[in-house]
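Since the structure comes first, as structure tokens, the remarks are kept for the end.
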């Protein structure tokens, strides 16, 4: 029996009658915070280069996946094998340059091919709406802003009055991780001092940028 089979059996035992009361009470929704916490702790070990504890934190993330799969199996939806099989099939399908005859030389070619294949599948996950790919609702605002700007650059989209490309270029000059961190921290601190929600403000502005771009593209002459 493999280690992953042992883990799945342990999870099943915890959920069975006579198992653990806490585990038996959990749902997909109640486990969301646990998943966020475990992923955050894993990221911390990666940032610190702490390989011994990284192995432990990877296990903590893995048990969250096993837990969700067990809940789904009990409800008759799918099981852990289905999850593993689907992601394996996806990896093979989206890497024809490895498992097929295609030949790619650069990471940018790989990403372009991945996106092209993904666009034809139209399967799970947020669908693309208009010019921008939909992002997960819980994505942090800073990551959302980065994703929106990346799509603007990749597609050479015309920006509206909500963002000035010249200012973006000017702010990028001489920017370092240290100076960027300081500026972001000072902005967050200033927002706190003023009683403003920095996360919400950035999320709202990212949405405004997307609306402006969509409007400019839709109103452009054919």
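Size estimate for the range 3-92 follows the Kirkwood approach: the inverse of mean 1/r over distinct Cα pairs works out to 14.2 Å. Relative to the dominant Cα principal axis of the chain, helix 177-194 is inclined by about 90°.
For the range 100-114 versus the range 15-63, the spacing of their alpha-carbon centroids is 34 Å.
Size estimate for the chain follows the Kirkwood approach: the inverse of mean 1/r over distinct Cα pairs works out to 21.7 Å. Per residue, the average separation of C-alpha pairs within less than 8 Å and at least 6 apart gives the range 1-88 a relative contact order of 27 percent.
Fully extending the segment from residue 173 to residue 97, taken as 0.36 nm per residue of separation minus the present Cα-Cα distance, adds 23.7 nm. Run the helix sum for the chain: -39,500 (n - 2.57) per DSSP H stretch of 4+ residues, divided by residue count, reported at 222 nm to the nearest 500 deg cm²/dmol. Calculated at 222 nm, the ellipticity per residue is -22500 deg cm²/dmol. Note on the range 50-115: the C-alpha convex hull projects to 6.6 nm² when averaged across all orientations. For the range 39-97, what does the relative contact order come out to in percent, with C-alpha contacts under 8 Å and a separation of six or more? Computed value for the range 39-97: 19 percent relative contact order. Using C-alpha pairs below 8 Å separated by at least 6 residues, the relative contact order for the chain is 14 percent. Label point 7 Å out from residue 112 along Cα-to-Cβ: which residues of the range 133-176 have amide N under 13 Å? Only 154-155 pass the distance filter.
Read-outs: derived from the displayed coordinates by stated rules, not from any lab. As the structure is a prediction and not an experimental result, all values here were calculated from the model. Don't worry about glycine lacking a Cβ; one is built from the backbone with ideal geometry, like all the others, and counts go over all protein chains shown.
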